[in-house]
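Novice: Sending over a structure as structure tokens; questions will come in a sec.
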Amino acid sequence: MTRTITRAVVAAGGAGTKMAPVTRITPKEMLPVARTPILEHLVHELHTAGIRDVLFVTSSRKSQIPAYFGSGAAYGMDFSYRVQDDGAGPGAPVLAAETWTQGQPFVLAFGDNLIRAAAEAEAPLRRLVHGGASDCSVLTRLFAADSVPPHETLLGAAHPPRSEPGPYAIDFDKDLLDHTGARWVHACAARWVLGPFVFEALRACPPRPNGELYLIDAVRRWISAGNELRAVPLLPTELRFNCDNWETYADAVATLRT
């Protein structure tokens with residue numbers, strides 16, 4: 001049975017150190033692309049996917065975000081805000097949202113990532129949200145195993161094996177976590193659908209040596225315990241920009257002029 005998902009958590013608390021000193025004044029999520037803040041592109045993406053309630057998890061240094069977006073009424077949505085300043089890693093915003101999700105499945109979106117659908121095509125996030133009743137789903141980008149950019153978070157091997165990536169979704173199990181010898185691999189693309197399981201999974205997952213808690217570590221442990229994740233790859237014509245550095249941001253500005 002397909003579930004209706006109307007809630008989203010937006011992680012927007014990162015310090016943006018790779019883009020300093022500009023990000024000491026302007027949050028990276030508020031930098032403009034095609035004359036619109038990156039985060040506003042995401043708001044429209046969420047609305048198109050049927051999301052109406054959004055919790056922004058920000059830091060106290062990013063007062064511009066609630067000042068700009070307000071209550072969400074201008075977008076036909078309801079916005080809430082939560083401050084998280086502990087620097088505990090990308091899994092921490094999820095834990096911060098536990099009570100707000102009210103035990104319902106929700107979208108998790110990282111606010112510095114901009115995704116653009118192909119013209120006249122269904123938006124990738126809408127495809128993810130309406131793709132089934134999985135407790136854990138993620139948009140992915142497929143890469144040739146020998147040419148994965150260093151900043152990407154790998155999930156595992158692409159399956160079924162193909163010579164070229166294509167528009168298919170798979171149920172990802174523990175056998176695919178090992179991508180040794182794979183020609184193509186899934187990298188996470190900053191958009192998730194998560195069920196309530198994720199909170200306990202994160203609490204059971206030890207932080208990394210730097211003290212940070214990573215969502216991907218908790219998900220891998222959950223898969224290794226015999227659960228499945230639904231991987232929904234972006235199409236080759238769909239674009240994703242992880243705007244946490246100047247090079248990718250400049251690429252987004254140059255590519256998305258309108």
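The values are calculated or read from the model by the stated rules, or taken from the named source; none is laboratory data. Keep in mind that this is a model prediction, so the values were computed, not measured. In this analysis, Cβ positions are derived from the backbone assuming ideal geometry, glycine residues included, and neighbour counts consider all displayed protein chains.
Novice: Taking the stretch 22-61, which residues are more than 18 Å from the chain's Cα centre (by Cα), over 18 Å from THR248 (Cβ atoms) and part of a helix (DSSP H, G or I)?
Specialist: Matches in the stretch 22-61: ARG24 only.
Novice: Then there is this: What number of residues within the stretch 203-223 are in contact with a strand residue (DSSP E or B) (Cβ under 9 Å, 6 or more places away or on another chain) and surrounded by fewer than 18 Cβ atoms within 10 Å (Cβ to Cβ)?
Specialist: 1
Novice: Another question, then. Show the residue pairs meeting these rules: Cβ distance below 6 Å; 6+ apart or different chains; first residue within the stretch 110-127 and within 26 Å of LYS28 (Cβ to Cβ); second residue surrounded by fewer than 23 Cβ atoms within 10 Å (Cβ to Cβ) and of a type in the set (Phe, Trp, Tyr).
Specialist: Qualifying pairs under 6 Å: LEU114/PHE241.
Novice: Scanning for something β-branched (Val, Ile, Thr), touching a Phe, Trp or Tyr at 6+ places or on another chain (Cβ under 8 Å) and surrounded by 15 or more Cβ atoms within 10 Å (Cβ to Cβ), does the stretch 224-246 turn up at least one residue?
Specialist: no
Novice: Could you please find all residues in the stretch 98-126 being of a type outside the set (A, V, I, L, M) and either within 10 Å of the chain's Cα centre (by Cα) or over 30 Å from ALA34 (Cβ atoms) (or both)?
Specialist: If the condition is that a residue be of a type outside the set (A, V, I, L, M) and either within 10 Å of the chain's Cα centre (by Cα) or over 30 Å from ALA34 (Cβ atoms) (or both), then GLU98, THR99, TRP100, THR101, GLN102, GLY103, GLN104, PRO105, PHE110, GLY111, ASP112, ASN113 are the ones that fit.
Novice: How about the stretch 59-87: which of its residues are buried (at least 17 other Cβ atoms within 10 Å of the Cβ) and of a type in the set (A, V, I, L, M)?
Specialist: The answer is ILE65, MET77.
Novice: Next question. With LEU125, LEU95, LEU142 as the choices, which residue is in a strand (DSSP E or B) and not small (Gly, Ala, Ser)?
Specialist: The unique qualifying residue is LEU142.
Novice: While we're here: From the residues in the stretch 62-78 that are touching an Asp or Glu at 6+ places or on another chain (Cβ under 8 Å) and not in a helix (DSSP H, G or I), which one is farthest from THR6 (Cα to Cα)?
Specialist: Top of the filtered list is LYS62.
Novice: Tell me the helices (runs of 4 or more DSSP H) entirely within the stretch 172-258 that contain at least 1 residues that are closer than 22 Å to PRO27 by Cβ, in contact (Cβ under 8 Å) with a residue 60 or more places away in the chain and touching a helix residue (DSSP H, G or I) at 6+ places or on another chain (Cβ under 7 Å).
Specialist: Answer list for the stretch 172-258: 215-224, 246-255.
Novice: Here's something else I'd like to know. Mind telling me which of the residues LEU46, LEU55 ends up being surrounded by 17 or more Cβ atoms within 10 Å (Cβ to Cβ) and free of Cβ contacts under 8 Å to residues at least 60 places away in the same chain?
Specialist: LEU55
Novice: Could you grab me the full set of residues in the stretch 226-243 that are more than 16 Å from VAL138 (Cα to Cα) and either at pLDDT below 90 or basic (Lys, Arg) (or both)?
Specialist: GLY226, PRO236, THR237
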